[in-house]
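To start, the structure itself, in structure tokens.
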Amino acid sequence: MDDFLDRVWDLIYGFLQSTVVFLDALFSPLEILGPGVVIFLLAFIVVIITRIIARFYVTKRYVRLEKEYLHWQGVRKEAMKHPDREKGKALAKNIDQAQLNRAYYDYFFEGILKHFIGNVLPILLMVAYVAKVYTPQTLLSRFGEEWVFSFSFGSSSQTNVGSMLWFVVCLILSFILFAVLKMVFKKRYAKKESV
């Protein structure tokens, strides 16, 4: 078993190493623009990837659990409509204890796993890439400075922005930018369809 796990880990490690080499080769021509622009592009690309994965990645189990949860929720609502209010509450409580709670938790945890695979995992992989490639030493050797940005607000102390802080800021800005672009395109298509 240990040999199997070692081989699997070697495959995963080799895949990640080749991905780092591929991303380095892909983004090295853009390094003329500086590390801030490259890191912003990486953040925006990972936001697009997470949106695409979240839209198209749906497991059969997730769909089945959603239908099951909605079914039992509908049964509970029908039970609450019973003319005798106390009997309706008792029926709803039995449904909750028998099926609805289990269906809800299964659906909830499957949704968490779906969210992790679609959103969190790509972001964590890109965070690992940025942390590995844009360290202060590599920034110094590639760009001549240890920081992505350095500025001062008129005082003698200087504020330095590292690659990880800049990536987090760019990630937040990318999510906002993506939401704004989505709203603009929705409005534009709504106008075209109404004409």
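The values are calculated or read from the model by the stated rules, or taken from the named source; none is laboratory data. Quantities reported herein were computed from a predicted structural model and do not represent experimental measurements. No Cβ is skipped: glycine too gets one built from the backbone with ideal geometry, and neighbour counts run over all protein chains shown. SASA here: full protein model, heavy atoms, side chains in, ligands and nucleic acids out. Shrake-Rupley method; radii C 1.70, N 1.55, O 1.52, S 1.80 Å.
So the values come out like this:
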{"quantity": "Residues of region 28-42 satisfying the condition of being of a type outside the set (A, V, I, L, M) and surrounded by 13 or more Cβ atoms within 10 Å (Cβ to Cβ)", "calculated": "31, 34, 35, 36, 40"}
{"quantity": "Residues within region 39-74 that are aliphatic (A, V, I, L, M), farther than 30 Å from residue 26 by Cα and without any contact (Cβ under 8 Å) to a residue 24 or more places away in the chain, tallied", "calculated": "2"}
{"quantity": "Evaluation of residue 82 against (1) more than 30 Å from residue 164 (Cβ to Cβ); (2) open to solvent by less than 80 Å² (accessible area, probe 1.4 Å); (3) part of a helix (DSSP H, G or I); (4) not β-branched (Val, Ile, Thr) (one fails), failing number", "calculated": "(3)"}
{"quantity": "Helices (runs of 4 or more DSSP H) (entirely within region 93-176) containing at least 1 residues that are open to solvent by 70 Å² or more (accessible area, probe 1.4 Å) and of a type in the set (Phe, Trp, Tyr)", "calculated": "101-115"}
{"quantity": "Output for region 43-75, where each listed residue is under 12 Å from residue 117 (Cα atoms) and buried (at least 16 other Cβ atoms within 10 Å of the Cβ)", "calculated": "49, 50, 51"}
{"quantity": "One residue from 100, 139, 173 being over 30 Å from residue 13 (Cβ atoms) and touching a residue at least 40 places away in the same chain (Cβ under 8 Å)", "calculated": "173"}
{"quantity": "Test: residue in region 61-71 that is closer than 30 Å to residue 125 by Cα, touching a strand residue (DSSP E or B) at 6+ places or on another chain (Cβ under 7 Å) and either in a helix (DSSP H, G or I) or not aliphatic (A, V, I, L, M) (or both)", "calculated": "no"}
{"quantity": "Region 103-129, subset in contact (Cβ under 8 Å) with a residue 40 or more places away in the chain and over 16 Å from the mean Cα position of the chain (by Cα), residue nearest to residue 55 (Cα to Cα)", "calculated": "107"}
{"quantity": "Filtered residues of region 70-98 (kept if farther than 23 Å from residue 108 by Cα and basic (Lys, Arg))", "calculated": "81, 85, 87, 89"}
